Every structure is written in structure tokens, then in C-alpha cells.
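Single-structure report; data block below.
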Amino acid sequence: ILMDENKVNDEWYRNVLNQLIQIAKLLSSKYTRSKVRKAMPVDFAYIIDELIHAQKDEDDNRSVYHRQIMETILSLHNGDEFLVALTDLIKRLAVDHLHILGDIYDRGPHADKILDLLMEHHSVDIQWGNHDILWMGAFCGNPVCMALVVRNNIKYKTMSILENGYGISLRFLLQFAVNTYSDKNVDDAVYKAISVILFKLEGQLIKRHPEYRMEGRLLLDKMNLDKGTVRIGDKDYFLNTNEFPTVDMNNPYELTMEEMFLMGRFRADFINSMALERHINFLYDKGSIYKIHNGNLLFHGCVPLDEQGVFDGIVVDCKSYSGREYLDYCESMVRQARTGDSDAVDFMWFLWSNILSPVTGRCIKTFERTFLDKDRNADYKKAIEEDKNPYYVQYENERICKMILREFNLYNENAHIINGHTPVRTKEGQHPVRAGGKLIVIDGGFCEGYHAATGIAGYTFIYNSHGMKIKEHHPFMSINMAINSNRDIESESQVVYVEKQRVFVKDTDNGKQIAEEINDLMNLLKVYNS
């Protein structure tokens, strides 16, 4: 359009808008009128409702009425706005329900704007990712989660979401870092300052909860600042700095007065941010650790296993949790954290960083990645390598996947596991469909930072009455290239599974709910008639 504006006239708009109305009318035919109205953009809802639900009358007056509506839109120069409203409606009607398999946060500079868009979506659910849990923990008052959120945004240069999106000020941290550390680069000083605070807070939490079995992460007290080394396991590693002015080696996990003041400021900003509260409430309302939908199991991370492929978990108050019961326990703790329960609030950090966490399944080595010297440690790569839960090896086995599905009462041969969390490195030959088709890993890395590693720009998994298919997306180049060279987001489809016969509404979760309502109404009618 922009290349040849002479083509854009009233006749062009009439043709395009009429075609869009026909598409919207076709898509709306499979929904109730109330559901279609719910999906309509507010500004044009009444007009669109009139146009797509029209029936011919004997005198054809309705057509005249509709033509007049179109002419009014064009005379007011609202063609662009109406075109956008129609395409928004078509997108919503084309996708009956949207599942997000976690990690909305920390994957780019504008998670707040993405959440605003998701909150406008007519039908959505979220399976929490470890980064979502981290932000939820920060809002619930976990100081370790707060320090991690601040640190991550400093590391990835996305501070604007903190300051502009949520009103969380970094000014006091900046002043403290410049006055305390000698780094010439201010960003390095700020990053070091919040990292030291983080490791102190982690140490305090680990000592409060020996049941987490994370004593191996207590490393501040293993430093030898005279030698510039740290003892990890049975080996000494060189540090990339021996400047730790706020660490008292007699009590290394105690915050200084200035650090306590900083964390008090962050706490006030996190728990009092109205914008963050709105988004966290949305994550709680629409989210869960896992979801069973239309006979498929959806989750972000893993169902923890041991090396033998047996369900693993934790022991709390002399009770052992594993398999589905463990995931249910984790979800109950996440929801208790929202009420301020101190143990549940602490547990949010466990979910972020533990190898037995169902949203992570990895031993996070933040200290090693921050303070080990990559040039002077010969086995630096091995030292920073993060152990993963055996699930991430075992899930290639079809038998293991079937065992997990049965744990969630999914015995149908058509049942699948839909998994996120681990980016599929397509350029290295990895494939999203695994375990004989029982497992689909769809995290291909939508965010730009993963494009180099994966070779693509993410996956969308689509399920309809015909079966399942995956859309593999290529990176979006730029708005200018989309307009001037017609280079929009390109995608390739791959069929994963074809239903032997079309799936009817009655076979879906929604259909079963409708059938129950029909049964209730029929019983009510019998009672009424008798």
C-alpha cells in the first residue's frame, strides 16, 4: 500500500473491507454470537456485529443499510482503523484458545507490553516458566527473587521494563555501586553490587531451608581473597576479582546497612507497583504449573525423574512428593506465596534454581558464571556447566513419555506431552518432535537473543479437528523490509499427527462441559414437567 498510495482510494477500501467482512463472517459461524461479540474490538463492535450477522430481507433494505454503513466509514476517513479492527477480529476468531508455555519475562525489553496484549486476548492460559515464577516471587516479597530480577535486567540491558514499565527505581543501586566499587565502567559496578547482594541473600535462604539440599551453592564463605580463589567441591578456581568490600569473611552472608537499605527500597517498589500487581494477578488467574487440555499434557519445564527414569521429588515434613502429586504441591506453594506465607515465598526461589524444580530442572550456577576467571581456569566451561534433571535425557524415550502421561491419567494413544523451556537448536539438527511423536518441544526461541543459537525464531503448535501441526518461524527482519520488500514473518508447516476421523466438539474438553450443562438442563426440565 505504502509503495503505491495512488491505488488506495474509496473503491480499494470497499473491496478490501468487504473481503475481510466475508472472512470474519465465515469464521464467526462456528461460534455463538455472544462469544464473537466478546472477541470484537470495542470501538467498532456494534458496526462489525451488524455487518457479519446480516441476513438478506425480502426488499433488500438490509444491503442498502450495510452499504450506507460502509460509505459513512469512508466519508469519515476511518478506513484504516476499521481495516485494523476487522483483521484483529479475524485473528481472534482464527485462534479459539491460546496456550503460552511460559517464560514471558526476561526474553526481551517489553514483557510488560506483551502481558498487556495477552490480557486483551479473549481466551488464554499460561503454564508458568521459571522466569515468570521469578517475577511472581519478587512481587510476593522474596528478596532473593527481587535481586535476581534486577540483576537479570541489568545483565541483558532491559532496565527500562523496571523503571519505565513498573516504576522500580535503580537510582539508589547506581549511587551505592559507584561509591563502593572501583570499576571504571558504571554498568560493571552496578552488576557486581547486585550480584554480591544476591549471593548473600541466597546463602541466608539456603541456611533457612536445609531440605532444599543446596549447601553446594554456599560459595561466598569458600573464597580466599588473599589468593583470589574460591573452593568449589574439592578444587580451587581463580576469581576474576578479589574486590569484595562489603563481604565480611567472618560473616559473609550478612548484608551491610547500605545493602539492607537498598533491598528495603526494592521491596517497597516491587510490592507497591500497581502495573506489576496487575500483571502478576493475571499470571495467577490464568496460570498453572501444568495443564491437561483435550487429552494432552502441557507444561514448561519437566516432570522430575532420577537416573533410572523413576519419578523424583522432595520430602517435606516427613512426606515424600513425586510425579503429579509433586507438581500439584508446587502449584499449591506458588498460590500460598500470594498470601504471604513465608515458607511458600521462599519456595519461589527454589522453583527458580533447583534441579528438582518442575519449571527449571537445572542447577543454576550464577556465582560461577559471574566471578570465575574464564582465562585462568583451564576447565572453566566445565565449571559453569549446569547439571540438568535426568528428565531432559529420559524424555527422548517413548516408554518414559507414556509413563508420564499415565501419571496424569492420560491413557489415550492420541495423548501427547507439549513441552517448553529448552530451545530447539534447529541449526544443529535438533527436531521438536521426539519420543516417537509422543513429545513435542516447541520452545524455539521467539526472542531475538536466541536466533543465533537456534537458527529460527520459534515455533507455534496448532491443534484442530484434523490433528496437530507445527509452524516453524523465520526471524522477522524489520518493519521497513516487510513494507518495502514484502518480507514479513515467514513460516513453514509440518504435520505432526493426523486424526483418523475429524474431532467433534463433543470430543473436546469444552464439548464435555457443554454436554454436562445440557444434561443438567434436561434433568431440570424433567423436574419442572413433573
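When you look at GLU386, is it of a type in the set (Asp, Glu), modelled with pLDDT of 95 or more and either open to solvent by 70 Å² or more (accessible area, probe 1.4 Å) or under 25 Å from TYR459 (Cβ atoms) (or both), yes or no? Show your work before the answer.
Values: of a type in the set (Asp, Glu): yes; modelled with pLDDT of 95 or more: no; either open to solvent by 70 Å² or more (accessible area, probe 1.4 Å) or under 25 Å from TYR459 (Cβ atoms) (or both): yes.
No: the conditions fail for GLU386.
Are there any pairs, at least 6 apart or on different chains, whose C-beta atoms fall under 8 Å, with the first in region 374-398 and closer than 27 Å to ASN414 by Cα and among the acidic types (Asp, Glu) and the second in a helix (DSSP H, G or I) and open to solvent by 30 Å² or more (accessible area, probe 1.4 Å), and if so, which?
Close Cβ pairs (under 8 Å, with a partner that is in a helix (DSSP H, G or I) and open to solvent by 30 Å² or more (accessible area, probe 1.4 Å)) amount to GLU398/GLY436.
Could you identify the single residue in LEU162, LEU134, LEU98, LEU118 that is crowded, with 22+ Cβ neighbours inside 10 Å and out of contact with any Phe, Trp or Tyr (no Cβ under 7 Å at 6 or more places or on another chain)? Give the steps one after another, and end with the answer.
Working: LEU134 fails: out of contact with any Phe, Trp or Tyr (no Cβ under 7 Å at 6 or more places or on another chain); LEU98 fails: crowded, with 22+ Cβ neighbours inside 10 Å; LEU118 fails: crowded, with 22+ Cβ neighbours inside 10 Å.
Every option except LEU162 fails the conditions.
I need a count of the residues in region 277-293 that are open to solvent by 10 Å² or more (accessible area, probe 1.4 Å) and either part of a strand (DSSP E or B) or within 28 Å of VAL393 (Cβ to Cβ) (or both).
5
Answer yes or no: is there a residue in region 336-345 that is assigned to a loop (DSSP other than H, G, I, E, B), under 18 Å from VAL149 (Cα atoms) and touching a Cys at 6+ places or on another chain (Cβ under 7 Å).
Yes, because at least one residue in region 336-345 is assigned to a loop (DSSP other than H, G, I, E, B), under 18 Å from VAL149 (Cα atoms) and touching a Cys at 6+ places or on another chain (Cβ under 7 Å).
So which of SER34, SER28 ends up being in contact with a helix residue (DSSP H, G or I) (Cβ under 6 Å, 6 or more places away or on another chain) and either of a type in the set (Ser, Thr, Tyr) or on the phi > 0 side of the Ramachandran plot (or both)?
Just one listed residue meets the conditions, SER28.
Are any of the residues in region 452-465 part of a helix (DSSP H, G or I) and either in contact with a Phe, Trp or Tyr (Cβ under 9 Å, 6 or more places away or on another chain) or open to solvent by 10 Å² or more (accessible area, probe 1.4 Å) (or both)?
Taking every residue of region 452-465 in turn, at least one turns out to be part of a helix (DSSP H, G or I) and either in contact with a Phe, Trp or Tyr (Cβ under 9 Å, 6 or more places away or on another chain) or open to solvent by 10 Å² or more (accessible area, probe 1.4 Å) (or both).
Condition first: of a type in the set (Asp, Glu) and either within 27 Å of the chain's Cα centre (by Cα) or modelled with pLDDT of 95 or more (or both). Now tell me which residues in region 194-214 satisfy that.
The one that is of a type in the set (Asp, Glu) and either within 27 Å of the chain's Cα centre (by Cα) or modelled with pLDDT of 95 or more (or both): GLU202.
Can ILE126 be described as open to solvent by less than 60 Å² (accessible area, probe 1.4 Å), in contact with a helix residue (DSSP H, G or I) (Cβ under 8 Å, 6 or more places away or on another chain) and within 27 Å of MET146 (Cα to Cα)?
Against the criterion (open to solvent by less than 60 Å² (accessible area, probe 1.4 Å), in contact with a helix residue (DSSP H, G or I) (Cβ under 8 Å, 6 or more places away or on another chain) and within 27 Å of MET146 (Cα to Cα)), ILE126 qualifies.
Filtering region 351-379 down to residues that are of a type outside the set (Gly, Ala, Ser), part of a loop (DSSP other than H, G, I, E, B) and in contact with a helix residue (DSSP H, G or I) (Cβ under 7 Å, 6 or more places away or on another chain), which residue is most open to solvent (accessible area, probe 1.4 Å)?
LYS374
Which of the residues that make up region 408-451 are in a loop (DSSP other than H, G, I, E, B), acidic (Asp, Glu) and open to solvent by 60 Å² or more (accessible area, probe 1.4 Å)?
GLU413
With the requirement that a residue be assigned to a loop (DSSP other than H, G, I, E, B) and either among the hydrophobic types (A, V, I, L, M, F, W, C) or touching a Lys or Arg at 6+ places or on another chain (Cβ under 9 Å) (or both), what does region 306-331 give you?
GLY309, VAL310, CYS318, listed by residue number.
The values are calculated or read from the model by the stated rules, or taken from the named source; none is laboratory data. Because the structure is predicted, anything quoted here is derived from the model rather than measured. Neighbour counts run over all protein chains shown; Cβ positions are idealised from the backbone, glycine included. Keep in mind that these areas ignore ligands, DNA and RNA; they rest on the heavy atoms of the full protein, side chains included. Shrake-Rupley method; radii C 1.70, N 1.55, O 1.52, S 1.80 Å.
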